[in-house]
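Comments concern the structure below.
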Amino acid sequence: MNASIPTSLTDGLDAIIEMDAPLAAQTWFGVGGNADMLVRPQSEAALKELLRRCHNENKTVRVLGSGANLLVLDEGVDGVVIKLDQPAFTQWTLHADGQKNTAHVPAGVDVLKLLNACVREGLDGLCQMAGIPASMGGATRMNAGGKYGCIGDAIHSVATMNHRGEVRVHPHSAIQFSYRHSALPQDLIVWTLLQLTPGDPVALREKMLDIYKFKKDSQPLAQHSAGCLFRNPVGHDGTRSSAGRLIDLAGLKGFTHGSAFVSAEHANFVCANKGGRANDVLELARIIQERVLQSQGVDIEMEVAVWGRSFQPKEKK
């Protein structure tokens with residue numbers, strides 16, 4: 001066992017535990033280092049116990065969802081990485097507790113699988129998520145979405161768990177969803193309750209496929225990327241500008257740095273070559289920020305989460 005991980009964290013814990021766990025293959029970038037410890041709790045009770053132990057041992061906790069909005073640096077990460085991919089966290093319930101047109105969705109559920117299930121059942125409210133890979137926990141946390149809407153549009157309430165294992169339910173009115181943001185506490189998301197609306201399954205399937213086709217035709221979905229790397233910035237008039245357009249105007253579409261490059265299809269997609277370096281992606285992101293600031297006078301902020309032992313995020317101005 002890694003000397004920095006005490007046995008008191010793992011003894012008797014109902015979980016699958018992997019030490020020095022490779023994370024590259026679990027992210028959409030496909031690059032990056034290892035986690036000191038990757039833990040897959042088998043139950044909510046095990047998750048509660050793990051969070052309590054991590055707090056008592058003063059260990060950093062990170063939650064790994066689908067890896068679609070994450071860059072793990074080559075140095076890897078310390079502390080404990082939790083992955084909620086066991087059945088207790090991946091099985092959703094439609095019409096939960098007798099509530100019509102709802103879905104009770106644990107944090108580890110694949111949103112695209114859920115979307116397909118809802119469409120087959122004639123439940124509308126998630127089509128805006130077509131082509132957006134995410135776990136429910138991650139999608140809820142960042143209010144994932146795009147041109148056609150956000151996940152927050154369909155959220156009724158969210159349950160979070162703090163470091164003492166205490167669960168609190170937050171109604172939609174208290175969450176304050178906004179662009180790529182939710183005002184949830186920085187506790188672990190356990191489940192999300194969706195409020196959906198009835199619809200025709202055939203029409204919903206056509207709607208879902210149309211949205212997916214738009215994304216496929218305009219974005220490099222087959223490349224190793226994490227989707228849009230930067231948030232669309234807000235201008236002085238309160239409207240948002242396209243970060244991709246700003247990067248394109250800076251002359252960076254197709255620009256390469258080491259094993260990372262700006263997509264020629266969509267300038268807000270930074271991709272990594274197979275077997276490349278995560279640090280090349282981060283360095284390219286910083287080059288893009290500098291060039292856009294120099295040429296357009298706009299400071300663009302990264303949307304993708306970055307994990308690293310010594311990584312310090314850029315301070316917001």
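Among the listed residues 101, 56, 34, identify the single one that is crowded, with 18+ Cβ neighbours inside 10 Å, more than 30 Å from residue 303 (Cβ to Cβ) and polar (S, T, N, Q).
Only one candidate qualifies: 101.
Rundown of residues vs (1) closer than 18 Å to residue 28 by Cβ; (2) at pLDDT 95 or above, yes/no style:
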residue	(1), (2)
245	no, yes
257	no, yes
261	yes, yes
275	yes, no
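Is it fair to say residue 88 is part of a helix (DSSP H, G or I) and over 27 Å from residue 208 (Cβ atoms)?
yes
Taking residue 25 and the conditions (1) free of Cβ contacts under 8 Å to residues at least 12 places away in the same chain; (2) in a loop (DSSP other than H, G, I, E, B); (3) farther than 29 Å from residue 156 by Cα, which numbered condition does it fall short on, given that it satisfies the others?
(2)
Of everything in segment 260-317 that's among the small types (Gly, Ala, Ser) and loosely packed, with under 14 Cβ neighbours inside 10 Å, which residue is farthest from the chain's Cα centre (by Cα)?
The extreme case among them is 297.
Surrounded by fewer than 17 Cβ atoms within 10 Å (Cβ to Cβ) and either small (Gly, Ala, Ser) or closer than 27 Å to residue 34 by Cβ (or both), is that true of residue 116?
no
(1) crowded, with 18+ Cβ neighbours inside 10 Å; (2) closer than 24 Å to residue 10 by Cα; (3) not hydrophobic (A, V, I, L, M, F, W, C): which one isn't true of residue 69, the others all being true?
Here residue 69 meets the rest and fails (2).
Restricting to segment 111-134, count the residues that are at positive phi and assigned to a strand (DSSP E or B).
0
The values are calculated or read from the model by the stated rules, or taken from the named source; none is laboratory data. All values reported here derive from a predicted model rather than from experimental measurement. Cβ coordinates were reconstructed from backbone atoms using ideal geometry, including for glycine residues, and neighbour counts include every protein chain displayed.
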